[in-house]
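> The structure follows.
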Amino acid sequence: MPQFRARYALLMPAIVVAFFCGCTARIATAQSDQALASVSFELYHNRVYLPVEVDGRVVTKMILDTGAADSGLSESVAQGLNLKFSGTAQLVGNGESNQKVALARNVRFNVGGAELVEKTTLIIPFSSIEAREGRAVAGVLGVSLFRKYVVVLDYQRKQLSLFAPGSFVYHGSGDVIPLHFAGAALFQADIRLRDGRIVPAQLGIDLGTYSALRLYPRFAQQNGILADPKIPSISSFGFGIGGEFPETLVRVDDLKIGELGIRMPFASISNASHGATAISRYDGTIGGAILRRFTVTLDYSRSRMILEPNADFAAPFHADTSGLVLSASGPNFKTISISHVIPNTPAAAADIREGDVLLAVDGADAGSLGLEQIRLFLCRPGSYRLRFQRASKDVSVNLTTRDLVP
């Protein structure tokens, strides 16, 4: 998830990855000594949902997050385990509001037989995130896992492997990216903007963030990224621990990490005045929309990240430019509602209104599709027939979305 931190602990943030166009995807295979653990994961909204056993009693799916300084469990999971709470903390996340949370001590997590004991585990109310995610969130497995093990994420096969740092040997041909640690795992990248300027950036790795490239307010302002009115953009809202925060979505020409290049990813420019993105001392993050294009090896013991492009490496980037901000509620999150309609967008032009309940997309039941599938539809430019419940009325509209390319 977007990064968060307790007041007593510095939390790892997310990173921005940049590359230039023109590089050829190199498919490579990482080899090493036998893994201590290897498990399949679910990829949902560009996040890794990993099966984790908690205190030897509960197997649940937790978000794997390099941006979390502490692991966290949902209140419902913690109650089911009868965890004893010890103290409280204030969380600062990407959202603009702080959250007060309870703490549990010495909780044991097990991933495929590899164990991790967290001295402090946060008990987090995930309800606002679940509404925007469209599914239950049992918890977040944070940075301690990456400090204890070498973590290899094969996004193509949806397989996670954990290795002992002392015996890990890498034999692949991926690009080795040096990391340095200053509250987060950071690396240097270059961003080529639409006006042709190449801007160096210090970025962090954020497995828990769904976006491609997220840039923070200070960096965006210093480099005038939103200063050119001729560059297409759209306003929206990001979300995370602490609720929503305003952002602006644009494309950049290229990102460069090491020798790797990716063409025209979307950048989410945070406009937050409070929260982690507003106060961060680095420039931004890369999230799941970029990382899913690789097999990613995170070897903190050797201060390196290794990226091997997979079959999705050169796929075009898509983003939701409809102007709709959706949320899910009710049993199994099957009630899909309109939280925001952004002015001067296709949704506003179609007279969609906040509070409308989405009933169908092109004749398919919205509840059966679920929020994630509807998001994927809206990320593809095209025309859609949407049916809503508005008060006691049944309303149908045509929504035509467009891409952000001049």
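The values are calculated or read from the model by the stated rules, or taken from the named source; none is laboratory data. Quick caveat: nothing in here was measured; it's all calculated off a predicted structure. When we count neighbours, we look across all protein chains shown, and the Cβ atoms used for this are built from the backbone with ideal geometry, even at glycine.
> Which ones in the stretch 166-180 are closer than 12 Å to MET305 by Cα and either basic (Lys, Arg) or not in a loop (DSSP other than H, G, I, E, B) (or both)?
Answer for the stretch 166-180, where residues must be closer than 12 Å to MET305 by Cα and either basic (Lys, Arg) or not in a loop (DSSP other than H, G, I, E, B) (or both): ASP175, VAL176, ILE177, PRO178, HIS180.
> Let me ask you something else. Please list, ordered by residue number, the strands (runs of 3 or more DSSP E) wholly in the stretch 309-406 having 3 or more residues that are more than 26 Å from LEU291 (Cα to Cα).
335-341, 357-361, 383-390, 393-400
> Name, by its number, the condition in (1) more than 28 Å from the chain's Cα centre (by Cα); (2) surrounded by 14 or more Cβ atoms within 10 Å (Cβ to Cβ) that does not hold for ILE374.
(1)
> List every residue pair whose Cβ atoms sit under 7 Å apart, with the two residues 6 or more apart in sequence or on different chains, where the first one lies in the stretch 71-97 and is of a type in the set (Ser, Thr, Tyr) and the second, anywhere, is at pLDDT below 90 and part of a strand (DSSP E or B).
THR88/LYS100; SER97/GLY243
> May I ask you to say which residue of SER327, SER337, SER322 is without any contact (Cβ under 8 Å) to a residue 24 or more places away in the chain, under 19 Å from GLY238 (Cα atoms), of a type in the set (Ser, Thr, Tyr) and surrounded by 16 or more Cβ atoms within 10 Å (Cβ to Cβ)?
On the way: SER327 fails: without any contact (Cβ under 8 Å) to a residue 24 or more places away in the chain; SER322 fails: without any contact (Cβ under 8 Å) to a residue 24 or more places away in the chain.
None of the others qualify; the one that does is SER337.
> Looking at the stretch 185-200, I want the residues that are without any contact (Cβ under 8 Å) to a residue 40 or more places away in the chain and have a partner that is surrounded by fewer than 23 Cβ atoms within 10 Å (Cβ to Cβ) and among the aliphatic types (A, V, I, L, M) with Cβ atoms under 7 Å, at least 6 apart or on another chain. Which pairs are those?
VAL199/LEU193
> Right, next: What residue, among those in the stretch 357-406 that are touching a helix residue (DSSP H, G or I) at 6+ places or on another chain (Cβ under 7 Å) and aliphatic (A, V, I, L, M), is nearest to PHE317 (Cα to Cα)?
The residue in question is ILE374.
> If you take the residues of the stretch 35-66 that are among the aliphatic types (A, V, I, L, M) and not in a strand (DSSP E or B), which of them is surrounded by the most Cβ atoms within 10 Å (Cβ to Cβ)? Break it down stepwise before answering.
Of all residues in the stretch 35-66, those among the aliphatic types (A, V, I, L, M) come to 35-37, 39, 43, 48, 50, 52, 54, 58-59, 62-64.
Cutting the leftovers down to not in a strand (DSSP E or B) gives us 35-36.
Values: ALA35: 20, LEU36: 18.
Filtering the stretch 35-66 for residues that are among the aliphatic types (A, V, I, L, M) and not in a strand (DSSP E or B), the one surrounded by the most Cβ atoms within 10 Å (Cβ to Cβ) comes out as ALA35.
> Would you check which residues across the stretch 283-308 are within 26 Å of PRO246 (Cα to Cα) and either in contact with a Cys (Cβ under 7 Å, 6 or more places away or on another chain) or outside any helix (DSSP H, G or I) (or both) and list them?
ASP283, GLY284, THR285, ILE286, GLY287, ARG292
> Here is a list: VAL17, VAL111. Which entry is at pLDDT 95 or above, crowded, with 22+ Cβ neighbours inside 10 Å and in contact with a helix residue (DSSP H, G or I) (Cβ under 8 Å, 6 or more places away or on another chain)?
VAL111
> Turning to a different aspect of this structure: Go over the candidates SER173, SER233 one by one and state the one that is touching a residue at least 12 places away in the same chain (Cβ under 8 Å), more than 20 Å from the chain's Cα centre (by Cα) and more than 24 Å from SER303 (Cα to Cα).
Only one candidate passes the filter, namely SER233.
> Right, something else. Identify all residues within the stretch 63-89 that are closer than 28 Å to ALA182 by Cβ, of a type outside the set (A, V, I, L, M, F, W, C) and within 22 Å of the chain's Cα centre (by Cα); write none if there are none. Talk me through it step by step, then tell me what you get.
Taking the stretch 63-89 as the starting set, the residues that turn out to be closer than 28 Å to ALA182 by Cβ are 63-73, 87-89.
Applying the additional criterion that residues be of a type outside the set (A, V, I, L, M, F, W, C) yields 65-67, 70-72, 87-88.
Passing the criteria: ASP65, THR66, GLY67, ASP70, SER71, GLY72.
> Report the residue count in the stretch 234-269 for those that are in a loop (DSSP other than H, G, I, E, B) and at pLDDT below 90.
The total comes to 2.
> Please specify each residue of the stretch 213-230 satisfying the condition of being part of a loop (DSSP other than H, G, I, E, B), in contact (Cβ under 8 Å) with a residue 24 or more places away in the chain and not hydroxyl-bearing (Ser, Thr, Tyr).
Across the stretch 213-230, the qualifying residues are ASN223, ILE225, LEU226, ASP228, LYS230.
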